[in-house]
Structure formats: structure tokens, C-alpha cells
Amino acid sequence: MKNTPFKIFILDDDVWYSELLEYHLSLNPDYEIKKFHSAKDLFEGLHEKPDVVTVDYSLPDKNGGEVLKLIKERNPDIQVIIISGQEDVATAVSLLKQGAYDYIVKDEETPERLWNTINKVRENISLRKEINYLREEIGQKYDFSKVIIGNSEAIKRVFSLMDKATKTNITVSINGETGTGKELVAKAIHYNSTRKKQPYVAVNVAAIPKELIESELFGHEKGAFTGATARRIGKFEEANKGTIFLDEIGELDISLQAKLLRVLQEKEITRVGGNAVVPIDVRIIVATHKNLAEEVKKGTFREDLYYRLLGLPIQLPPLRERGSDILVLARYFMDGFAKENSLPRKSLSTGAQAKLLSYSFPGNVRELRALVELAMVLADEDVIQEQDINFTATSHEKDFLAKEQSLKTYTTKIIQYFLDKYDSNVLLVADKLDIGKSTIYRMIQSNELKVK
């Protein structure tokens, strides 16, 4: 944050006394001080937005209370310190209730007390500015274009839906494969909505044991079960006034789905082991990699809860459907890795680019990041070559079914996979797959299969 002078305005019709205060406060070189001898002059200069105004209570044109009221009406962020020649407790209390930061009686200790009070004001203002700065930083961090890197039409559609989601409190359901960035989207929606200054609470439903999920979501009272030694509020209460993100909602046990539905309908929760009803005001965002409509057909997800949670659906495209975004993301991750590890920036060779674009990334963005970061370490030169891009065996196995292909193509790929695995031992592969060796030989002869 940029350091700016701390502005103090002194309003006092006693020229000598205002110069005394100015001299004392100017001992701090960070203070920028201006003196005014009438309320009229002060208000003409108030557009300069001082941080603090000290006001003599007894002025010829207005009293301190009137000045305080007018300052607060024009700019409630300005802190006002009243300095009075009279020790009137009732007046002091009244002024403090109206918004004065402090009431200081004029005596030989006034300059020192004013010094200490302004130091406290400055600390409070600095803290408030720091909080506002951090909030702004969070907002920038979760700017849509920074959350999801890419320019594909698929991503632009996601941005459009995210923008619509920020304008209301509608429930949002995010669907996408593992690694597509569902929680990042949820955070971006929250931090760009009217609830951005309120809590954001994330819960991974799949990671919580079935017997603990109710207590985790709705809290429990002391003695509700063995080990409940004290009352504990749940995630819904933690998120009150803000947003709760329920990740992997498709994993929620059917027995708890009715309770969640009631919470969403009634906007209130009851802690486990308790009777008290606790009202809640929470924005709901859910995510899953499952097709909930199919889960409804299977009977593993309640139809009424499904429609309650559907709200505004956002479908995150898998990386394989995002075209050149793969290269945009790769460069983004490479530059970030280089910066974090004090490495020189590297580029992708034509072969490396082609290799990335031909792969279907079953692990999506998360997998791409891991691949290019490893490539940054493996590459000996400033250009990452094709051999520096290493797909894991697990990735290849997942990749196999990622694209819809003909049965013949799948069959060929299966046989080729086992030929590679068993060093082109045709007899062993035929035995493993329970097919005729003549079939494999024929496919090799027609160049459908390759042997080492």
C-alpha cells in the first residue's frame, strides 16, 4: 500500500493556542497539519479529506456539537476530537454519542493527551485501511479472468454465468470433472457478490465420515453424543450472512438429504441433541463431479433436493474441450513456477505444444500444472522439448476412455497397450486378453498395431 500523509485539521479561534497544538503535533514528520480559525473556513477546506479534525467547542460562529454533526454528515470517516475549556461530563457524553472520537479538556496536559489520542486514531485508521486493502486484494485475486485462465468460448460462457450468479443470491450448482476448478469458481462468485465481506465456508462432504456429517453441518449441543464435551456450532452457523460451499454434494448420504432440504426450505437449523431453532441466512453453492439427474433416477439422490439445489447450473468444461487454452494455461503455470523458484522463464517447443494438445488430460487443469512444472525441472535448455513432457501410467489409463471412440479403435488401443506392457510378446498378450494370436498377427501385418 502507498504511504500517504496523515492529515490533521485544527479548528480553534485562538490563534496562539492553535499554533501551540500545531507545533506539538508537527514533531511527527508524518503529520500534515492545517489550522482554521472559523467553522466556515474549515468547511471550505473539508474537500481535502483530513483524517482527523480537532474542534474547539466554543467557537464564535458555531459550537463544537454543530461542527461535529456537519462534519459527520459530509464525511463520516473523518475522526473528530473535541477540545473544550469546560469539564462538562453531560456535554462530553452527548458528543461521544454523536460520534466524537474523544473529548479533551483544555489544560497544561492537553497537547500530550491530544498526541496520544491521535496516535490511537492513526493506528485504527491504518488497521481499517489494511482491512479494506486486503478485501480489495481478495476481490482482485478472485477476479474471474484470474481464477480461470483462458479465452475459449467454453470459458467465456462460464464467465457469463458467474457474472449472473454474483448479482443475486440464487443457489449455484457447479458440475465438472475433478481438477476443473469448481471451488475456485465458488470463491470467485462469493468474493464478487454482495456477501463478499461475510464468511465463506467450504465443506467437502465426501471427506467427512457419515456419522459426523450432521454434526459438522449443523453443530451439536454438549452431551449430544459420546465425546461431545461442549457445544459446537456447525458450518451453516459459521457461514451465517455469507456463503457455504458444499463440495461433492452427490456423496451426501440419502438419510441426511431430507434434513438438508428442510434447512434450505425453512432457513433454520437445529443442533444435534438440541431443541433450539437457529435462524440462518446463507447463500448456497454446491459442486459435484456426478450427474445428479442420473443419481435421482438411481434413487441415491432425492428429487426434491435436486431441484432445490439446481438453481443456476454452471458446467465447467474439461480441459480437453478448451482447445488452445491448454497452451495458455501451460505458459501461465510455467511463468508462475519460474518466478516462485527463481528460475529463468522457458518456452514450449512445437513438439511439446503438439504433445500437450493431443492429450485429453483426465486430471484436467490440476494435471496440466503438475506436468508443466515437472517439465520446467527436467528441461536442460530454455525450451521445453517433447521428451520433457511425461504422462504418467495412471494418466494414460484414465485418458483411454476420455474420448468417445468406436469399438474397433478401443480394441486396437487395448491390444497395443498390452503389447507395449509385455514387450511385444504376442502369445502372452493373446492369453491375457483371451483372443486368437492370429488376430494380433493380422493387425500387426496391416499396421494397425506396432511391435518393438
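The values are calculated or read from the model by the stated rules, or taken from the named source; none is laboratory data. What you are looking at is a predicted structure, and each value in this text was computed from that prediction instead of being measured. Every residue, glycine among them, receives a Cβ derived from its backbone with ideal geometry; neighbour counts consider all protein chains shown. Please note that ligands, DNA and RNA were not included when accessible areas were found on the heavy atoms of the full protein model with its side chains. Shrake-Rupley method; radii C 1.70, N 1.55, O 1.52, S 1.80 Å.
Each row is one residue, and each column tells you yes or no for (1) of a type outside the set (Phe, Trp, Tyr); (2) open to solvent by 30 Å² or more (accessible area, probe 1.4 Å); (3) free of Cβ contacts under 8 Å to residues at least 12 places away in the same chain; (4) not in a loop (DSSP other than H, G, I, E, B).
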position: Leu329; (1), (2), (3), (4): yes, no, no, yes
position: Phe333; (1), (2), (3), (4): no, no, no, yes
position: Ser342; (1), (2), (3), (4): yes, yes, yes, no
position: Gly351; (1), (2), (3), (4): yes, no, no, yes
position: Leu356; (1), (2), (3), (4): yes, no, no, yes
position: Phe361; (1), (2), (3), (4): no, no, no, no
position: Arg369; (1), (2), (3), (4): yes, yes, no, yes
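Considering region 282-300 alone, what residues qualify as being at pLDDT 95 or above and assigned to a loop (DSSP other than H, G, I, E, B)?
Val282
If you go through region 105-129 one residue at a time, how many are open to solvent by 70 Å² or more (accessible area, probe 1.4 Å), assigned to a helix (DSSP H, G or I) and out of contact with any Asp or Glu (no Cβ under 9 Å at 6 or more places or on another chain)?
Qualifying residue count for the region: 6.
For region 267-290, give me each residue that is in contact (Cβ under 8 Å) with a residue 24 or more places away in the chain and either more than 30 Å from Gly181 (Cβ to Cβ) or among the charged types (D, E, K, R) (or both). Give the derivation first.
First, the residues of region 267-290 that are in contact (Cβ under 8 Å) with a residue 24 or more places away in the chain: 269-274, 278, 280-290.
Across region 267-290, the qualifying residues are Thr270, Arg271, Val272, Gly273, Gly274, Val278, Asp281, Arg283, Lys290.
Go through (1) surrounded by 13 or more Cβ atoms within 10 Å (Cβ to Cβ); (2) over 15 Å from Ile81 (Cβ atoms); (3) among the aromatic types (Phe, Trp, Tyr) and name the single condition Tyr57 misses.
Checking Tyr57 against (1) surrounded by 13 or more Cβ atoms within 10 Å (Cβ to Cβ); (2) over 15 Å from Ile81 (Cβ atoms); (3) among the aromatic types (Phe, Trp, Tyr), the one that fails is (2).
Hey, Lys346 hits all of (1) touching a strand residue (DSSP E or B) at 6+ places or on another chain (Cβ under 8 Å); (2) farther than 17 Å from Gln387 by Cα; (3) charged (D, E, K, R) but one; which does it fall short on?
The single condition Lys346 does not satisfy is (2).
Does Gly227 satisfy the criteria of being outside any helix (DSSP H, G or I), more than 21 Å from the chain's Cα centre (by Cα) and without any contact (Cβ under 8 Å) to a residue 40 or more places away in the chain?
yes
Counting only residues that are farther than 11 Å from Gly273 by Cα and out of contact with any strand residue (DSSP E or B) (no Cβ under 9 Å at 6 or more places or on another chain), which one in region 216-229 is surrounded by the fewest Cβ atoms within 10 Å (Cβ to Cβ)?
Of everything passing the filter in region 216-229, Thr226 is surrounded by the fewest Cβ atoms within 10 Å (Cβ to Cβ).
Would you mention how many residues in region 309-326 are buried (at least 17 other Cβ atoms within 10 Å of the Cβ) and not small (Gly, Ala, Ser)?
Total satisfying the criteria: 10.
Just checking, which of Ala293, Ala239 is touching a residue at least 24 places away in the same chain (Cβ under 8 Å) and small (Gly, Ala, Ser)? Walk me through how you get there before you give the answer.
Details: Ala293 fails: touching a residue at least 24 places away in the same chain (Cβ under 8 Å).
The conditions single out Ala239.
Filter region 260-307 down to the residues that are among the basic types (Lys, Arg) and in contact with a strand residue (DSSP E or B) (Cβ under 9 Å, 6 or more places away or on another chain), then identify the one that is farthest from Ala228 (Cα to Cα).
Lys290
Go through (1) surrounded by 17 or more Cβ atoms within 10 Å (Cβ to Cβ); (2) at pLDDT below 90; (3) within 22 Å of the chain's Cα centre (by Cα) and name the single condition Thr178 misses.
Failing condition for Thr178: (1).
Against the conditions (1) part of a helix (DSSP H, G or I); (2) in contact with a Pro (Cβ under 8 Å, 6 or more places away or on another chain), where does Gly99 fall short? Just the number, please.
Unmet for Gly99, out of (1) part of a helix (DSSP H, G or I); (2) in contact with a Pro (Cβ under 8 Å, 6 or more places away or on another chain): (1).
Arg308 - would you say it is basic (Lys, Arg) and under 30 Å from Glu386 (Cα atoms)? Walk me through how you get there before you give the answer.
Values: basic (Lys, Arg): yes; under 30 Å from Glu386 (Cα atoms): no.
No, not satisfied.
Scan Lys40, Lys69, Lys35 and give me the residue that is in contact with a helix residue (DSSP H, G or I) (Cβ under 8 Å, 6 or more places away or on another chain) and of a type in the set (Lys, Arg).
Lys35
Show the residue pairs meeting these rules: Cβ distance below 6 Å; 6+ apart or different chains; first residue within region 301-312 and among the small types (Gly, Ala, Ser); second residue surrounded by fewer than 18 Cβ atoms within 10 Å (Cβ to Cβ) and modelled with pLDDT of 95 or more.
Gly311/Ile170; Gly311/Thr171
Return the residue satisfying two criteria in turn: it lies in region 387-403 and is surrounded by 15 or more Cβ atoms within 10 Å (Cβ to Cβ) and modelled with pLDDT of 85 or more, and of such residues it is nearest to Ile155 (Cα to Cα).
Ile389
For the list (1) modelled with pLDDT under 90; (2) in a helix (DSSP H, G or I), I need the number of the one condition that Leu161 fails.
Status for Leu161: all satisfied but (1).
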